[in-house]
Every structure is written in structure tokens, then in C-alpha cells.
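Just below is one structure, and these are the notes that go with it.
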Amino acid sequence: MRPLQCAFDMCELCDQKNEKPEQDPGKRRFLKLATASALALGIAGTAGRTAFAASTKPPPLPENVMTPNEALDRLMEGNKRYVAGQSTPFDFSEDRAALVSGQNPYACILGCSDSRVSPEFCFDEQRGDLFVARVAGNYLTTDFLATLEYATAVLHTPLIMVLGHESCGAVEAAINAFDKNEQFPGHIQTMASALLPAVRAVKGMPGDRYDNAIKMNVVRNVDRLKKQPPLLSKLVADNRLLVVGGVYSLKTGRVDLTFPQEFATKR
């Protein structure tokens, strides 16, 4: 059986766990132990499901094997805990031994390098849970595409979130470059130029232009990721990968999902 298929068969073993993945700080540890024990004993799921052979090695974090929609639910539930001040206490020793052998993060984040936005914090996750790629302006380059292809095609991560944030300095630089033809030192100009399509796309739209450009930059990069051949587009078409966008509020810590239709209603 191919490794990717194995990963999705394992999701069946985690169905009950993922209904309410993170309700309290102690539950995650219990679920990890329970899932790992079930896999070690070779327990099959319901009738008709494929059981793992005794020689099949379980992933480092069995509870991270899930469907794309379950991964998104878990990510957003973590953000709710963060906003409410109920984040799970960090325990470095809990998964240390398991993660020496490998990794199987359940979500990828293409985020901004802004020091005020830390994905592990704002989604209340720990080591091994998130595969994070960060660049000022959270936009796609060849290097970041390769990084996300590795996570999704090799590590079988079922979710990518493009994470923007309010008051993004990179987007502000792109607006200044567009409006004032402002030139920036070093390679900063390259970054500002890469974000110009989002700035142009929101010209004339009602609402706050700065906020619109931040959201549009997220929406555009989500669309680009979904259509990237040969790996990402195939995974999306096969429903093995979900690509979404979100914007982080510096004031509240909340992440709101972004959708292209938001801009259709503004025209």
C-alpha cells in the first residue's frame, strides 16, 4: 500500500478523536496515548476498514493524521482557545522522543515574518503540529512552493493556510510603491513589487483599502497554491489537500477565514 494511502486510512482510526480534538489541556495527551496504543496493538476500525499490518510503523504523532476538514476544524478550535486565554501549557518533554524519528504535522502555514504573529501560539499548537513557512508579506515564491510541496506530498499534511495579518508592513510598502513610486533599499523592493497585484486588484473597492489589500493578498496566494502543478493541484483535485486563507487580528488574536466572494460583493 502506498504511504499516502496509508495516511488516509489512518484517518479512519482517528474519527472519534477528531470530533472534539482539543477540549481541555489534558485531553490531547490522553488521546495521543490512546491512539498510539491502538496502533501498536493493530486494532482495526469498523467493519470494512483496512487494518494496518503489524509491521507498519505508526507516524510520530498518530493524532495528527486526519482529513483536510478535520485539520481545519482543529486549527480554528486552537485559535479560539488562544483568544480566550485557554492555551494548552507547553510541555517540551511530551513528544520529544517521538519527534526524533520524524514528523507528521497536520497543517502548513504560509505566514508573514512579523514578530507579532506566531502560528504556534495563535493556533495553540506544539512542536510537530505545524509546518511553518514565513516571509514578510506571506506571498508565494519558488522556494516556498517547494517547501509546501514537501510538507503535503512527502509528509502528507492535509491542510495549507495562507495567514496574513492586519497592519502588515509589507503590504503598506506595496501601497506606497504603487501610490508614490517609492523605492526601497536592498531587496525590499522585490518584496513590495511581489505584492503589487493585490494592491492593484482592490483599487476602487469600497471599504478600507489597506485591509482590502491584506485580504486580497491572502486570497490571491490561496488561489495560486490550489492551481500549482504538478503536486498541489493534484492533491487538491483528489480532495487530499485543503488550501484556505486567514487574517490574524493584532487587537484580538482572532483568525478570520478569507474568501474570494468577499470581494465580489464589494464591487
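Each value in this text was obtained by applying a stated rule to the coordinates, not by laboratory testing. Remember, predicted model here, so these are calculated numbers, not experimental data. FYI the Cβ positions are ideal-geometry reconstructions off the backbone, even for glycines, and counts take in every protein chain you see.
Between the residues G204, A194, T258, the greatest Cα displacement towards the positive end of the dipole of segment 66-264, with unit charges on the Cβ of Lys, Arg, Asp and Glu, is found for G204.
Considering only Q183, L163, T141, the residue lying farthest towards the positive end of the dipole of segment 110-194 is Q183, judged by Cα position with unit charges set on Cβ.
Modelled spin-label separation between R116 and V154, with each label point placed 7 Å from Cα along the Cα-to-Cβ direction: 3.5 nm.
Taking only alpha carbon atoms, segment 66-264 gives an Rg to Rh ratio of 0.98, where Rh is the Kirkwood radius.
Specify whether the C-alpha gyration tensor of segment 181-223 places it in the rounded, prolate or oblate class, a ≥ b ≥ c being the square roots of the eigenvalues: rounded for a/c under 1.5, otherwise prolate if a/b is larger than b/c and oblate if not.
On the way: a/c = 2.77, a/b = 1.59, b/c = 1.75.
Because a/c hits 1.5 or more and a/b fails to exceed b/c, segment 181-223 counts as oblate.
Length gained on full extension, K180 to L196: 4.5 nm, using 0.36 nm per residue less the C-alpha separation. Stretched out straight at 0.36 nm per residue, the stretch from T141 to D91 would grow longer than its current Cα-Cα span by 14.6 nm.
Going by a ≥ b ≥ c, the root eigenvalues of the Cα gyration tensor, does segment 77-148 fall in the rounded group (a/c under 1.5), the prolate group (a/b larger than b/c) or the oblate group? Here segment 77-148 falls in the oblate category. Between D208 and K234, residue separation times 0.36 nm minus the direct Cα-Cα distance comes to 5.8 nm.
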